[in-house]
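Q: This is the structure I have questions about; it appears just below.
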Amino acid sequence: MAKKVAVILSGCGVFDGAEIYEATLVQLRLDEAGVEFQCMAPNVSQMHVLNHMTGEEMPETRNVLVESARLCRGNIIDLAEARAEDYDAVIVPGGFGVAKNLSSFAVDGTGMSVNEDLVNFIQAMNQQGKPVGLVCIAPALAPKLFGEGVKCTLGSDEDDAAKAVVAMGASHESCAVDEISIDETRKLVTTPAYMLAGRISEASAGISKLVEAVLARA
């Protein structure tokens, strides 16, 4: 039977939502592999809205689900309605939305909370033995999603986010931008992408390997 992959988004735009290149590359690689995928996002308000030209906060509010719909031509569902049994794997692209909208990591660091629907969905996938791919900053959520001892990468061991996941009980693996880290016990695949990438082709190399590894374990 054909595989179906869940892609969880966190808004639209690197500084306050999902990283657009990463989200697009994940969808492209899945489509090139002939795999059906469904984008989804939590129906919650963004932490804040930033002007991506200036980096300044804007006096408005936006919805994570509505903004995420921009990245998949409107083909999206509420994460709360997704059922793990309907999917063979799940991938979460990065962007600050992961740390601001899917969790409170950007504000609370190691004391962060994680969106309940995200926790429920990914833990259900994990309990069913299905692979999970986390891109860029998304592996910062790994200790909260998988527990102590989980292996993941955010690129350099010296990165503050990498130090935070270690403080939360994860095992951090230093990784080049075009490589992946795999926790075979938990079927977790991670890659640094724009934690290290300076250009889209560098992010693409690691994301391509991540998608391939996730599908191989689905």
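Q: Please report the net charge: other residues with Cβ closer than 12 Å to the Cβ of SER204, K and R +1, D and E -1.
A: Numbers: positive: ARG29, ARG199, LYS209; negative: GLU22, GLU32, ASP178, GLU202.
Charge balance in the 12 Å sphere: -1.
Q: Can you classify the chain as rounded, prolate or oblate using the Cα gyration tensor, where a ≥ b ≥ c are the square roots of its eigenvalues, rounded means a/c under 1.5, and otherwise it's prolate if a/b beats b/c and oblate if not? Don't skip to the answer; put the middle values down first.
A: Values: a/c = 1.27, a/b = 1.08, b/c = 1.17.
Rounded, since a/c falls under 1.5.
Q: Sum up the lysine pairs in the chain that clear both bars: alpha-carbon distance under 12 Å and a spacing of 8 or more or different chains. Mind dumping the intermediate values first?
A: Details: LYS3/LYS130; LYS4/LYS130; LYS130/LYS187; LYS151/LYS187.
So the count of such lysine pairs works out to 4.
Q: Please state the shape class of the stretch 72-190: rounded when a/c is under 1.5, otherwise prolate if a/b exceeds b/c and oblate if not, all from the C-alpha gyration tensor. List each step's numbers first, then the result.
A: Working: a/c = 1.56, a/b = 1.34, b/c = 1.17.
It is prolate, given that a/c is not under 1.5 and a/b is the larger ratio.
Q: For the chain, modelled as a GNM with alpha-carbon contacts under 10 angstrom, which of VAL135, VAL119, VAL189 fluctuates the most?
A: VAL119
Q: If Lys and Arg each add +1 and Asp and Glu each add -1, what is the summed charge of the other residues whose beta carbon sits under 12 Å from the beta carbon of VAL44?
A: Here the charged neighbours net out to -2.
Q: Can you give me the long-range amide H partners of ASN63? Hydrogens built in the peptide plane at 1.01 Å from N, cutoff under 5 Å, separation of 5 or more residues or another chain.
A: GLN46
Q: Also, I was wondering about something else. Quick one: length gained pulling VAL66 to ALA176 fully straight, 0.36 nm per residue minus the C-alpha distance?
A: Taking 0.36 nm per residue and subtracting the Cα distance, the gain is 36.2 nm.
Q: All other residues with a Cβ under 10 Å from the Cβ of PRO93 taken together, and with Lys, Arg as +1 and Asp, Glu as -1, what is their net charge?
A: With Lys, Arg at +1 and Asp, Glu at -1, the neighbours total -2.
Q: From the protein chains alone at 1.4 Å, what is the descending order of accessible area for PHE37, PHE105, PHE15, PHE121, largest first? Walk me through the numbers before you get to the answer.
A: On the way: PHE37 55, PHE105 30, PHE15 85, PHE121 10 Å².
Correct descending sequence by accessible area is PHE15, PHE37, PHE105, PHE121.
Q: Counting Lys and Arg as +1 and Asp and Glu as -1, each charge on the Cβ, what is the dipole of the stretch 47-143 about the Cα centre in debye, to the nearest 20? Don't skip to the end; give the middle numbers.
A: Values: 6 positive and 12 negative charges, 48 e Å.
Once rounded to the nearest 20, the dipole reads 240 debye.
Q: For the chain, give me every cysteine whose Cβ has no other Cys Cβ within less than 4.7 Å, ordered by residue number.
A: Among the cysteines of the chain, those whose Cβ sits 4.7 Å or more from every other are CYS12, CYS136, CYS152, CYS175.
Q: Mean Kyte-Doolittle of at least 0.5 and a Cα length of 20 Å or more along the axis: which whole DSSP H helices of the chain meet both?
A: Helices meeting the criterion: 200-216.
Q: For the chain, modelled as a GNM with alpha-carbon contacts under 10 angstrom, which of ALA140, ALA89, ALA197 fluctuates the most?
A: For the chain, modelled as a Gaussian network with Cα springs under 10 Å, the answer is ALA197.
Q: In addition: So what is the calculated 222 nm ellipticity per residue for the chain, using -39500 (n - 2.57) for each DSSP H run with n of 4 or more, over all residues, to the nearest 500 deg cm²/dmol? Can you show the working numbers first?
A: On the way: 8 runs with 69 residues, N = 218.
Taking each H run of at least 4 residues, the total per residue is -9000 deg cm²/dmol.
Q: Just in the stretch 69-135: which trypsin sites (Lys or Arg not before Pro) are loop by DSSP and have at most 11 other Cβ atoms within 10 Å?
A: ARG73, ARG83
The values are calculated or read from the model by the stated rules, or taken from the named source; none is laboratory data. What you are looking at is a predicted structure, and each value in this text was computed from that prediction instead of being measured. As a convention, Cβ positions derive from the backbone with ideal geometry for all residues, glycine included, and neighbour counts pool all protein chains shown. With ligands, DNA and RNA removed, areas are computed over all heavy atoms of the protein, side chains included. Shrake-Rupley method; radii C 1.70, N 1.55, O 1.52, S 1.80 Å.
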